[in-house]
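Data block below; observations after.
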């Protein structure tokens, strides 16, 4: 019976684990991947994490994990299949149920491919995944000109030619953001009108260094160790051509990894877990931190802060 089980070991989960150990909590971190770090592992260079300008994303993730290891954090590489309240469907008598001092039945069961585990509290640090185009070159050049975060990587493309793929709020915001420092920005959208808010549409259309390519899709991203071109196609005319680029930002959606918790906690309209600054969700004892949480900015630094705040909330709860 752990005080806390953290599901996920990206920056939020690792930060929480370190703070949990410092607080004297009996904590276990569950991670399905062979390596901790989350999305940061695929980031070629991180230039906006305080005190570590220009660090390789993989190295930063390894430093986070090394810190946790040095603190004696217990890790379990496992796939989590289900999360539920301890008293639900376990076939046990009330005397056998997990109870706190005031007699309330509480606690959670976590089902994994390595058995069932119990915890007084759970921290959801499962992150989010960016939707991908699924075209040749995308995976191979990830972190080498292919990016899913303009605010993270835009500074590397100052005075360069870049493209943004998408037509929603995030894509248009990315194009506006990149236009401030990039020489040229192509906004590639598969339809003939944008889905973004009208005010954003007006702003992007009035930028002199932004060109919108309507009814267009990317068929392939080209380059050796760096993005050089994108093969694009007009879906109406069928016309194909190659676009010379230094970078391509893919903004076709992001999906929070909330499947384990969707029947337990309240989520917003986009599927993110609604949780306050203390990480507390609508279900007492379940907390959320990092990209899985509903919030305006998703960066490494905010994920790390979420982890620390969540432990303060968990301590108060316990």
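The values are calculated or read from the model by the stated rules, or taken from the named source; none is laboratory data. In this text, all values refer to a predicted model and were calculated from it rather than measured experimentally. Using ideal geometry, Cβ is built from the backbone for each residue, glycine included, and neighbour counts are taken over all protein chains shown.
Being surrounded by fewer than 16 Cβ atoms within 10 Å (Cβ to Cβ), out of contact with any helix residue (DSSP H, G or I) (no Cβ under 9 Å at 6 or more places or on another chain) and farther than 20 Å from residue 168 by Cα is a property that residue 277 lacks. Do we find that residue 161 is under 19 Å from the mean Cα position of the chain (by Cα), closer than 17 Å to residue 207 by Cα and outside the structural domain of residue 58 (by TED's automatic domain parsing) in this structure? The answer is no for residue 161. Of all residues in the range 202-212, at least one satisfies being in a strand (DSSP E or B) and closer than 21 Å to residue 152 by Cα. Looking across the range 253-267, the residues that are surrounded by fewer than 17 Cβ atoms within 10 Å (Cβ to Cβ), part of a loop (DSSP other than H, G, I, E, B) and either at pLDDT below 95 or at positive phi (or both) come down to 253, 259, 262, 263. Residue 285 meets each of the listed conditions (1) touching a strand residue (DSSP E or B) at 6+ places or on another chain (Cβ under 8 Å); (2) more than 14 Å from residue 7 (Cβ to Cβ); (3) surrounded by 17 or more Cβ atoms within 10 Å (Cβ to Cβ) apart from (2).
Screening 13, 8, 91, 107 for residues that are modelled with pLDDT under 95 and in contact with a strand residue (DSSP E or B) (Cβ under 7 Å, 6 or more places away or on another chain) leaves exactly one candidate, 107. Can you spot a residue in the range 289-307 that is in a loop (DSSP other than H, G, I, E, B), without any contact (Cβ under 8 Å) to a residue 60 or more places away in the chain and either within 22 Å of residue 120 (Cβ to Cβ) or not assigned by TED's automatic domain parsing to the domain that holds residue 82 (or both)? The answer is no; no qualifying residue exists. Residue 229 meets each of the listed conditions (1) surrounded by fewer than 20 Cβ atoms within 10 Å (Cβ to Cβ); (2) in contact (Cβ under 8 Å) with a residue 60 or more places away in the chain; (3) touching a strand residue (DSSP E or B) at 6+ places or on another chain (Cβ under 9 Å) apart from (2). Residues that are buried (at least 18 other Cβ atoms within 10 Å of the Cβ), part of a loop (DSSP other than H, G, I, E, B) and at pLDDT below 95 are absent from the range 175-190.
Do we have any residue at all in the range 194-201 that's farther than 10 Å from residue 251 by Cα, in a helix (DSSP H, G or I) and either in contact with a strand residue (DSSP E or B) (Cβ under 6 Å, 6 or more places away or on another chain) or touching a residue at least 12 places away in the same chain (Cβ under 8 Å) (or both)? Yes; the residues of the range 194-201 include at least one that is farther than 10 Å from residue 251 by Cα, in a helix (DSSP H, G or I) and either in contact with a strand residue (DSSP E or B) (Cβ under 6 Å, 6 or more places away or on another chain) or touching a residue at least 12 places away in the same chain (Cβ under 8 Å) (or both).
Filter the range 103-132 down to residues that are part of a loop (DSSP other than H, G, I, E, B) and surrounded by fewer than 19 Cβ atoms within 10 Å (Cβ to Cβ), then give me how many there are. Don't jump to the end; show me each part of the working.
So the first thing to find is which residues in the range 103-132 are part of a loop (DSSP other than H, G, I, E, B), and the list is 103-104, 106-107, 113-114, 125-127, 131-132.
This time we only want the ones that are surrounded by fewer than 19 Cβ atoms within 10 Å (Cβ to Cβ), so: 103-104, 106, 113-114, 131-132.
The total comes to 7.
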